[in-house]
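Quick note: the coordinates plus some simple rules give every number you see, no bench work behind them. Treat the numbers as computed from the prediction; the structure is a model and nothing was measured. Cβ: placed from backbone, ideal geometry, glycine included. Neighbour counts: every protein chain shown.
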Amino acid sequence: MSAIKPNNGSDDARLGELLRSARPQAELPPGFSNAVWRRIERANQPSHGRSLADSLDLLVGWLLRPRFALALAAVMMISGTIAGISNAGVNTNRIARDRYVASVNPPDLRP
Amino acid sequence: MILASVAIAGGSYLLACKVCVRQMTASGDDLEWLHREFQLSDAEMQRVRALHEGYQPRCHEMCARIEAKKAELEAAMTAGQGVTPAVREKLAEVAALRAQCQGNMLQHFYEVSQAMPPEQGRRYLAEMRRLTLGFHEQFEDTMSSHHGHH
C-alpha cells in the first residue's frame, strides 16, 4: 500500500501518450469523408434521382438476400425444367423417326 | 450470381430433357413414330405392323445377299491388280442387288402409305422419300457441284 503513489497529472499525460502510441491511428484515404457523405446522400435520394448503376447495385443487393436468391434459383430451375420437357418432345420424335427409318432402310442403302 | 442462375437453369433443362426422352423412348417399338406422327388408329396400326413384319425378313435376306456379294467383290479386288473384268462384274452385281433392295424398300413405302388415310399416306411417302432417297440426291448434287457437272 505504501508503494502506491498519489495520482499525478504528468503520469496521466504519459499514460495517454503510451496508449496512443500502442494503437496507431490509420490514416484515412484521401476523399474518404466526401465519399461517405456522397453515399449518405445517394441513399437518401428518391428513386427517380438514382443513376442506372445505382439502381443495378440496389437490385443486386436485393437479390442477394437469401430468400430472394432462393426464389430466383427456384424460378430458374422451374423454367429450365419446363424448357427441357418441351424440347424432349422434339427430341423424342426425332429419335423415334430415326429408329423407324433404320428398321426399313438397310445399312447398305444409307450414305 | 448470374453464372449460378444460368448453371441451375441449364442443369435443370438437360436433366428434364434426358429423363423425358428416356421415358418416352422406353417402349422400343420401331413403329411408335408412325403411330404418333400420323395419328393412326389401332386398325391402321395393325395393317401397317403386318406390312412391316412381312417386309423385315425380305429386307434382311437382301442385306445378307449384298454382304455376300461385297465379300466376293473384296476377294476379286484382292486377287487381281487394278479394276479387272472380274472386279467390274462383281461391282455390277453389287449395284444390281442394291437397286433391287431400293426398289423393294420403295414398294414397301407405297404399300404402307396405302394402309393409311390418303393425306397421311401422302405425307408419309414424301417424308420417307426425303429421308432415304433424299440423302443420295444431296450427295450426288454435292459431288456434281464439286466437279462442275450440271
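Select from B:ALA76, B:SER12, B:PHE38 the residue farthest towards the positive end of the dipole of chain B; place +1 on Cβ of Lys and Arg, -1 on Cβ of Asp and Glu, and compute about the Cα centre.
Most positive-ward Cα: B:SER12.
Just from its helices, what would the mean residue ellipticity at 222 nm be for chain B, if runs of 4 or more DSSP H residues each count -39500 (n - 2.57) and the sum is divided by every residue, rounded to the nearest 500 deg cm²/dmol? Before the final figure, lay out the partial values.
On the way: 5 runs with 127 residues, N = 150.
Rounded to the nearest 500, it is -30000 deg cm²/dmol.
For the range B:85-99, just list the computed ³J(HN,Hα) in residue order, Karplus coefficients 6.51, -1.76 and 1.60, θ = phi - 60°, integers in Hz, with x standing in for Gly and Pro.
x, 5, 5, 4, 5, 5, 4, 5, 5, 4, 4, 5, 5, 5, 5
Apply the Karplus parameterisation 6.51 cos²θ - 1.76 cosθ + 1.60, with θ equal to phi minus 60°, to every residue of the range A:57-67 and state each ³J(HN,Hα) to the nearest whole Hz, in sequence, with x for glycine and proline.
Karplus values, whole Hz, x for Gly and Pro: 4, 5, 5, 5, x, 5, 5, 6, 5, x, 5.
If the only charges are +1 at each Lys and Arg Cβ and -1 at each Asp and Glu Cβ, what is the size of the charge dipole of the range A:25-98 around the Cα centre, to the nearest 20 debye?
Around 220 debye, computed over the range A:25-98.
Of all the Cα-Cα pairs you can form in the range B:1-105, what percent are over 17 Å apart?
72 percent
Post the alpha-carbon centroid distance, the range A:61-101 to the range B:91-106, in whole angstrom.
46 Å
Of B:GLN114, B:GLN23, B:GLN102, which is the most mobile in a GNM of chain B whose springs link Cα atoms less than 10 angstrom apart?
Highest fluctuation of the listed residues: B:GLN23.
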